[in-house]
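The values are calculated or read from the model by the stated rules, or taken from the named source; none is laboratory data. No experiment lies behind these values; they were computed from the predicted model shown. Counting neighbours? That spans all protein chains shown, and the Cβs are built from the backbone with ideal geometry, glycine included. Please note that ligands, DNA and RNA were not included when accessible areas were found on the heavy atoms of the full protein model with its side chains. Shrake-Rupley method; radii C 1.70, N 1.55, O 1.52, S 1.80 Å.
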Amino acid sequence: MASTSIETAAVAKTSKGRSKPDRFAPNYWPFVIPALIVIAAVIVFPWVFTLWMSVNSWTLGQSQVFAGLDNYARLVVDMRFWDSLWHTVLYTTLSVVAPLFLGTLAALIFDTQFPLRGLLRGIFVMPMMATPVAIALVWTMMFHPQLGVLNYLLSLIGIGPQEWIYNQNSVIPSLVLVETWQWTPLIMLIVLGGLAAVPREPYESAEIDGANVWQKFRYLTLPMIAPFLMIAVMIRSIDAVKSFDIIYAMTQGGPGTASETINIYLYNTAFAYYDIGYGSAMAVVFFILIVLLAFVLMMLRQRANWSDGEAR
């Protein structure tokens, strides 16, 4: 009897000891719910509302009418939309390739030892610290056909005045020039980080074998910094494809529609022509394109990592 009572008391004590932590276990939901509310309000609700508006025909000042997929069908036959898509692809491609080449070249230069390297590197990264609208206003004055400093500099070497952003054929390359000037320092910093992680032993072996500068870059430097180049391509591609501020501040999509990217066309459709339903459908399609681009770039980045791992 005594042993049975002792065992019963021990079981009761054990059960009590186990239930106490459960009763007083911390509850983290009160801390998570505010964040979920903010995410729902800032991200989820706008996209749900945009999806709903994309299947409606609604112009500000008029009644809202359910249209189904009519807005998306309208996109298929809208040549202005396809032109803006081509402008986006061209602008994005040039805005990635030019800074990537110049940024890599600048990183290779600043990776070497020379006097005032730190000072010059600091000056070189200053453009990326300026606000896009301020940059757009300064470059608009520089691009002026009669009063701009760029045409004056060209006249010093015997080249006639250019129309820059005021000509349909040169407007996108001119905008890319501004984009390249601003974001080449970012590519340089990323590549410099990659160069700092590159070991020096392979270069010493290559010098013993008689490799020249190009061979060391082609077979040693480039493969080892390839993952960093892919990161730079990802950042610049996603940033360039959604570029709006510089283009709108400098050209508003002109002359005509020569520099009208999807962002500019979407903005004009929704906030200049007040066609909210059609603009929402355009926003949904644009979002899908950005997601697909990000997916492709991430796959390429992963493949670069695999290649780097196999090489090691």
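Kirkwood Rh over Cα pairs of the chain into Stokes-Einstein at 20 °C, 1.002 mPa s: D in µm²/s?
Calculated translational D: 88 µm²/s.
Taking 7 Å along the Cα-to-C-beta vector as the label spot, tell me the Phe217-Ala73 distance in nanometres, rounded to one decimal.
That separation, rounded to one decimal, is 5.5 nm.
Sort out for me the Cα centre separation of region 198-254 from region 62-124, rounded to whole Å.
Each part's Cα centre sits 16 Å from the other's.
Mind telling me which of Ala206, Ala283, Ala67 comes out most flexible in a GNM of the chain, alpha-carbon contacts under 10 Å?
In this elastic network of the chain, the residue with the biggest mean-square fluctuation among Ala206, Ala283, Ala67 is Ala206.
Give me the one-decimal nm value for the distance between modelled label points at Ala272 and Phe66, 7 Å along each residue's Cα-to-Cβ direction.
Output for this residue pair reads 3.3 nm.
With everything on Cα atoms, drop me the angle between helix 79-110 and the longest principal axis of the chain, reported from 0 to 90° to the nearest 10.
The helix 79-110 is inclined about 90 degrees to the chain.
When the accessible area of the chain is computed with all protein chains present and a 1.4 Å probe, what percentage of it is carbon and sulfur?
70
Sketch the reach of a paramagnetic label on Trp52 as a point 7 Å from Cα along Cα-to-Cβ, and name the residues of region 65-106 whose backbone nitrogen lies under 15 Å away.
Under cut-off, by backbone N: 65-68.
What are the semi-axes of the equivalent ellipsoid of region 112-206, taken as the square roots of 5 times the eigenvalues of the Cα gyration tensor, listed largest first and rounded to whole Å?
35, 16, 14
Working only with C-alpha atoms, what are the Rg and Dmax values of region 45-204, expressed in angstrom?
Here Rg and the maximum Cα pair distance are 22.8, 74 Å.
Using Cα atoms only, what is the angle between the long axis of helix 132-142 and the major principal axis of the chain, expressed in degrees (0 to 90) to the nearest 10?
Once rounded, the angle reads 0 degrees.
With a 1.4 Å probe and every protein chain left in place, work out the accessible area per residue of the chain in Å², rounded to a whole number.
With all protein chains present, the chain gives 61 Å² per residue.
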